[in-house]
Amino acid sequence: MWAFQGIKFTEVDFQKFPRSGGAVVAINHTGYLDFPFAGKPAYEAGRRKVRFMAKKEVFDNSKTGPLMRALRHIPVDREAGADAYRAAVDALKAGELVGVYPEATHSRSFELKGFKSGAARMAIEANVPIVPVVVWGAQQIWTKGLPKQLGRNKFRIVIGVCDPLDPVGPPDELTARLKESMQAMLLRLQDLYGPHPQGEP
């Protein structure tokens, strides 16, 4: 699909992604295709795969549901999230990678929104690092409120991996460090990317 679209990738600090062991993979959320791009550093670190946490409605859909279940992603019921949290922690303790959106929803401004503490709490309970991954450019392909551009678009996507964060400190403090790390990488990727369309204020 990426070859058909003519997408050009710029990879930043992919060597920082751990080649073994469980980790929470925290990614920013600007569009519907952030997750496969955020999985690219993991795949290049020894063909590792990320189990992403996604809202239950995606699994209930007749088209996307079978694929999400086959890939062993984790459904999240926003009214009762305890089961998803436990499944994620169990996967982390088993040495798997679990993908999380700390913002919990799309950022229409394409900048970082407020972070929830779930990623930090999971990392602390499972005693695994958080690996922050930032994607920039995916919002051009498919995002909320704008037309899809799934054809041969030749867009450029830049992906950066931050230093892994040790699971220490209260969850709120770890969450603050996570956002600070991702904000610094986002600014770095935006500068590298150059002029780009702005999101909503």
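Values quoted throughout were computed directly from the atomic coordinates according to the rules given, and no laboratory measurement underlies them. Given the structure is predicted, the values throughout are model-derived calculations rather than measurements. Note that each Cβ is placed from the backbone with ideal geometry, even for glycine, and that neighbours are counted across all protein chains shown.
What are the membrane-span-like helices in the chain by this rule: whole DSSP H runs, Cα extent along the axis at least 27 Å, mean Kyte-Doolittle hydropathy at least -1.0? Before the final figure, lay out each step's value.
Numbers: long enough: 171-193 (32 Å, -0.35).
The answer, listed by residue number, is 171-193.
At most 14 other C-beta atoms within 10 Å and a DSSP loop state: those are the exposed trypsin sites (Lys or Arg not before Pro) I care about. Give me the longest piece of the chain that has none.
On the way: sites that count: 19, 47, 49, 63, 72, 78, 144, 148, 152, 154.
Counting only loop sites that pass the neighbour cut-off, the longest clear stretch is 79-143.
Using 1/(1 + (r/R0)^6) with R0 = 25 angstrom and r between the beta carbons of residue 60 and residue 85, what's the FRET efficiency to the nearest 0.05?
Efficiency for this residue pair is about 0.80.
Using only Cα atoms, figure out Rg for the chain and give it as a multiple of 2.2 N^0.38 Å.
Working: Rg = 16.0 Å, N = 201, 2.2 N^0.38 = 16.5 Å.
That ratio works out to 0.97.
Report, by chain and number, residues whose modeled amide H sits under 5 Å from the one on residue 99, excluding near sequence neighbours (fewer than 5 apart, same chain).
25, 51, 52, 53
Using 7 Å Cα-to-Cβ label points, what is the residue 47/residue 11 separation (nm, one decimal)?
So the two model labels end up 1.6 nm from each other.
Can you give the extra length, in nm with one decimal, that the chain gains between residue 127 and residue 72 once fully stretched, where that is 0.36 nm per residue apart less the Cα-Cα distance?
On the way: separation 55, 0.36 × 55 = 19.80 nm, distance 2.18 nm.
Difference between extended and current length: 17.6 nm.
Amide H neighbours of residue 29 under 5 Å, counting only residues 5+ apart in sequence or on other chains, H built in-plane at 1.01 Å?
The list, which skips near neighbours in sequence, is 107.
Hey, got the dipole for the chain? About the Cα centre, +1 on K and R Cβ, -1 on D and E Cβ, debye to the nearest 20? Don't jump to the answer; show the numbers that get you there.
On the way: 28 positive and 21 negative charges, 161 e Å.
Using Cβ point charges on Lys, Arg, Asp and Glu, the chain gives about 780 debye.
Excluding residues on the same chain fewer than 8 positions from residue 93, give the aspartates and glutamates whose Cα lies under 19 Å from its Cα.
Answer for residue 93, where 19 Å is the Cα cut-off: 83, 125, 166, listed by chain and number.
Under a 5 Å amide H to amide H cut-off, with H placed in plane at 1.01 Å, what residues pair with residue 10 once short-range neighbours are removed?
Here the answer is 157, 158, 159, since their amide H atoms fall under 5 Å of that of residue 10.
Antiparallel DSSP bridges in the chain: what percent, to the nearest 5?
Working: 5 of 24 bridges.
So the antiparallel bridges amount to about 20 percent of the total.
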